[in-house]
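The values are calculated or read from the model by the stated rules, or taken from the named source; none is laboratory data. Quick caveat, the model's predicted, so the values are computed rather than measured. Positions of Cβ are generated from backbone atoms using ideal geometry, with glycine treated the same way; all protein chains shown enter the neighbour counts.
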Amino acid sequence: MNGYETTIAVLEGRPAERPPLMPITMMLAADLLGVPYRRYVTEYETLVEAQTLTAETYNFDYVSCISDPAREAADCGATVEIFEDQPPAIDEINALLGDKSRLDTLEAPDPMKPGSRMRDRVDAAALFRERVGGKLLIEGWIEGPCAESADLRGINTLMVDFYDDPDFIRRLFDFTLDLGIKFAKAQVDAGVDIIGLGDAAASLIGPDLYEEFVFPYEKRLIDAIHEMGSKVRLHICGNISAILGPVGKLGADMIDIDSMVSLADCRSQMPASTVLAGNIDPVAVLRNGTPDEVTAALSACRSDAVNNYIVAAGCEVPRDTPRENIEAMCRFALEG
């Protein structure tokens, strides 16, 4: 079985020869290709070349369009600074929706608009399909409703809005849901097999607010992506221990688990069919540990996940992770 076949089999609950290998790499991929990160996030051909090289070098089972969380916000009109060799940053001090009334006239941008940041990602998906379709799993990426709302409103202001103006939160989430569906559909049409859904800001609110505000929108977004014929990878950075139950009810095909969360707790509170990915500490273990420590940590993860498991770190693989540690991760997956 090739990488695509192995990963699809695990996601669909069918037998596979080994666990898939799907670590998130962005800056590491750009460094491996020898290009500044600015080119990785602004030139889809460069992103595709870097991801393909990384997959070939380390025997990853997938490639990804992931690069930064600012694509949708930039196309909405937010001020985004693109650095030479660091990830883009949204200007939250001058957030696009610092004035809430702007939401009344804001329209979701067309992800297929030539020259837009979203179109660049869609073009990456299409090029991946041409080069590795059916061989490696192709992953698109969108921001979730809470994360995108934070990008547009400013994360600190958004947290206050949950208490001060819940009606605005719902209207804002309606907007970001529509935007997410459109962006996901463009990538699915271009040829991705799975949509990565990043909603990191959702880890910063309590369980009551999560279930009242965030869960319904994440569920609608995931259901919409499934209706498009794509699978979903849910990625919520941070400690989601207090919301494991509802997260498990979202219906995501796989869920990334950050390193501060117990995989055993995830398995006990989520359906047995949910595929868990992660969750070794990307810095303390993967970057700063030894190959033996990486292997031991991954073995514990697979045991806690009860073998319904995809090999990955808790979050992005740091750019300066020793090659021998990444190779240890690769061997763990390939040896089953």
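Observations on the structure shown:
- Counted residues, segment 137-173 - those being buried (at least 24 other Cβ atoms within 10 Å of the Cβ) and either within 20 Å of the chain's Cα centre (by Cα) or more than 18 Å from Leu103 (Cβ to Cβ) (or both): 16
- Single residue of segment 8-46 satisfying the filter (assigned to a helix (DSSP H, G or I) and among the acidic types (Asp, Glu)) that is farthest from Leu137 (Cα to Cα): Asp31
- Number of positions in segment 309-336 that are crowded, with 19+ Cβ neighbours inside 10 Å, part of a helix (DSSP H, G or I) and not aromatic (Phe, Trp, Tyr): 5
- Screening segment 283-336 for residues that are of a type in the set (A, V, I, L, M) and closer than 23 Å to Pro271 by Cβ and picking the one that is modelled with the lowest pLDDT gives Val306.
- Selection within segment 288-301 - out of contact with any helix residue (DSSP H, G or I) (no Cβ under 7 Å at 6 or more places or on another chain) and either among the small types (Gly, Ala, Ser) or buried (at least 20 other Cβ atoms within 10 Å of the Cβ) (or both): Ala296, Ser299, Ala300
- Within segment 237-258, if we keep just the residues that are within 15 Å of the chain's Cα centre (by Cα) and in contact (Cβ under 8 Å) with a residue 40 or more places away in the chain, the residue that is surrounded by the most Cβ atoms within 10 Å (Cβ to Cβ) turns out to be Ile257.
- Pairs where the first residue, in segment 109-123, is under 17 Å from Glu49 (Cα atoms) and free of Cβ contacts under 8 Å to residues at least 40 places away in the same chain and the second is polar (S, T, N, Q) and buried (at least 16 other Cβ atoms within 10 Å of the Cβ), C-beta under 7 Å, 6+ apart: none
- When segment 154-202 is limited to residues that are of a type in the set (D, E, K, R) and in contact with a Lys or Arg (Cβ under 8 Å, 6 or more places away or on another chain), the one that is farthest from Ile243 (Cα to Cα) turns out to be Asp193.
- Here Ser299 fulfils each of the conditions (1) more than 20 Å from Met26 (Cβ to Cβ); (2) outside any helix (DSSP H, G or I); (3) free of Cβ contacts under 8 Å to residues at least 40 places away in the same chain apart from (2).
- All positions within segment 9-35 that are surrounded by fewer than 20 Cβ atoms within 10 Å (Cβ to Cβ) and either touching a strand residue (DSSP E or B) at 6+ places or on another chain (Cβ under 7 Å) or over 19 Å from Thr321 (Cβ atoms) (or both): Ala9, Glu12, Gly13, Arg14, Pro15, Ala16, Glu17, Arg18
- Any hit, segment 66-84, residues being among the aliphatic types (A, V, I, L, M), farther than 24 Å from Val232 by Cα and touching a strand residue (DSSP E or B) at 6+ places or on another chain (Cβ under 6 Å): yes
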